[in-house]
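Novice: Have a look at this one before I ask anything.
The values are calculated or read from the model by the stated rules, or taken from the named source; none is laboratory data. In this text the structure is predicted, and so the values were computed from the model without any measurement. Note: ideal-geometry Cβ built from the backbone for every residue, glycine included; neighbour counts use all protein chains shown.
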Amino acid sequence: MNSEAGPPSGDPGESSGGTPEGDSVDKPSRRLHPAAMLIGALRTVRRWVGALVIPGGAFLASQGFGVRTIILALAGVIVVAALAAVWGFLSWRATTYVVSGGAFHLRQGVVQKSERTIPLDHVQSVDTVQGIIQRLFGVVEVRVETAGGGGNDPDASLSALSRDAAGTLRREIESSRREPSGKEEEEIGPDIVRKLTTRELLIAGATSGQIGVALSLVAVVSQLFDEFFSEAFVERVVTSFAPRSITAVLLIVAALGLFAWLLAIAGTVLAHAGFTLARDGDYLYIRRGLLERREATIPLSRIQAVRIVEGALRQPFGLAALRVESAGYGENAGVSTVLFPLLPRREVDEFLRAAAPEFAGEPSLERLPSRALRRYVFRAILSAVPLMVVVAAVAVFGQYAGLPVPGCGAGGCGFGTVSLFAFEVPLGALLAPLLFVPAGFYGWIQFRDVGWMLSGGRLFARSRVLARTTTVAPRRRLQSRSIVSSPFQRRLRLATLQARVASGGGGAEVQVVDIGSDAARSLVERLGPGYHTA
Amino acid sequence: MKDEPSERLDPRARTLWRIVGALNALPLLAGGAAGSWALLRLADVSFLVGVLPAVAAVALLLLMVVVTPTLRWRRWRYEIREDEVDLQRGILWVARTLVPLARIQHVDTRSGPLQRRFGLATVVFYTAAGANQIPELSAPVAAGVRDRIAALTRFQDEL
């Protein structure tokens, strides 16, 4: 391959370039949109600013802010900007790409030339991202992602292409992978499967994964109400001003919680506004984002598993989110991708039938044997012990520091101490073990929610870690299956079933904890390659 | 599903693991000795209390050198079947893993300096969801296993 495509001097258009002779390249190499110069320059400036701002600032401070130093600083800024502009131009001139000979070729580099060749078979997806600068110029950044290869391997990224050029490139790359059906689709090709409405977007934000924030908000508010309505509080309001400051503190905390919650909503809105899922044959297209508009392609053949996630705040309203585990997909290795941020649970099946039929279907699930219940309850209680210790410690500390600490919950039973072995022990410390009750209840709910089934060549597994998640993974996508059993599990004839699917650079796991050991063995057998469904 | 995979690791694995265990236990032993010395010399404690850290370190050393390698070796089994690799391992937490050959992308053998002294090697095979390994096979057996997996992988159809 030639290291450089002959640049047509003076022509800033992205359409034509030199034609390297002497190899299989038969199409002209193309340039990026000229906006790439600015983007490249800005990137350079950003890198330099990071390196220069501290020494520069120190230098200025040491000189004092006289006229001379300001002129010097301005001159420095101008020099940096000019260098960045030149660099942006040079790197724009050096960057060309072409699809030919069954591969995508990208040439880059001003000083150190590089040429990256990605065989089209290895291209996982062609995504477009539109940052704010790109939006100003009406161009998009195109990222060519490859399958596997590890997450830190940077795939090819073209910082600015016009919409037309991006569409052409996407078609060139994708056309090699599908049979040349006569249907030559333009931008309108894919059928829209579902679009997120504004109302759904706001609900998704309000009930989003920021459950910690929401919970702390609820906790603070309930505590505030406790404070507000407890008799003791009213008494103290009458007698002194000190409690008022406590109220003020609580109000501030509540406001902070509310603020965090609003931030969570805003984050969801930014990321998922206008979320649209479309399907065209074997490809799913996701378009989303408010300021930075993102478009992503997921080939159906790369989806390894679908997860139906019913968040703790969403399940009561019959809502769920869908995620996919996709091989080598996404910007970070091992991150699963949102397939759709919010939809009613009962419409999930219909949605999957339209979007990814291989994963649709809702068989009734097998439950765990009842002897597994005590393990779930025990684990939940065990995990609540640190929380209990904290509550007790706060109560004791509060007692001795002379602060009023709420003794119990919404009942408003006030504060007090009881004598225990001649020690004055705050009621709160004694009540801490009461946390066993909700913890055990949570364990029971977890136990009740677990289910598994092998149906239509797919493994269905449901479990709960706050959110109730149902994972659907086709048998032929399972990379390995394991049965793990601890001595305690073996005594109860229980085991943990784990199946791994490819996802990003590493993999993702589907597991059923405390399934009966016989069921686990037969399931592992039926999920294997030697077993043929009748 | 068979009760257990058929093949065991090379018996020399136990000796190797004992050496590795002893090497790993050295800092522990040093820490225990230092703790005992500090307690006896610097703090005013009775002899029985003072020697506790050293005794605990020695007990851990014995566990790592004598007990664990034997149990681990006894549990470790593998089998390369026509369509799957079957592994069993673990002392308390016993794991049985089945990896379809059709999912295996590539397979290596590797051996560290200690392993080479014993003529042992580890077979590592990779799927799209991570790697699995069969440790401490004698070098010719490991090469055979590697070639067998590679050959069988070639003949697997997609499920």
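Yes/no matrix, rows are residues, columns are (1) at pLDDT below 85; (2) among the acidic types (Asp, Glu):
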| residue | (1), (2) |
| --- | --- |
| A:GLU172 | yes, yes |
| A:PRO180 | yes, no |
| A:GLU186 | yes, yes |
| A:GLY189 | yes, no |
| A:LYS195 | no, no |
| A:LEU201 | no, no |
| A:ALA204 | no, no |
| A:THR207 | yes, no |
| A:ILE211 | yes, no |
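Novice: Could you please find all residues in segment B:81-100 being under 24 Å from A:THR496 (Cβ atoms) and more than 7 Å from chain A (Cβ to nearest Cβ)?
Specialist: B:ARG81, B:VAL85, B:ASP86, B:LEU87, B:GLN88, B:ARG89, B:GLY90, B:ILE91 - these are the residues of segment B:81-100 that are under 24 Å from A:THR496 (Cβ atoms) and more than 7 Å from chain A (Cβ to nearest Cβ).
Novice: Scan (1) at the interface with chain B (Cβ under 10 Å from one of its Cβ atoms); (2) farther than 18 Å from A:SER364 by Cα; (3) crowded, with 22+ Cβ neighbours inside 10 Å for the single condition A:ALA520 breaks and write down its number.
Specialist: The number of the failed condition is (2).
Novice: Return a yes/no flag: does segment B:113-127 have any residue that is among the charged types (D, E, K, R), within 30 Å of A:VAL513 (Cα to Cα) and more than 9 Å from every other protein chain (Cβ to nearest Cβ).
Specialist: no
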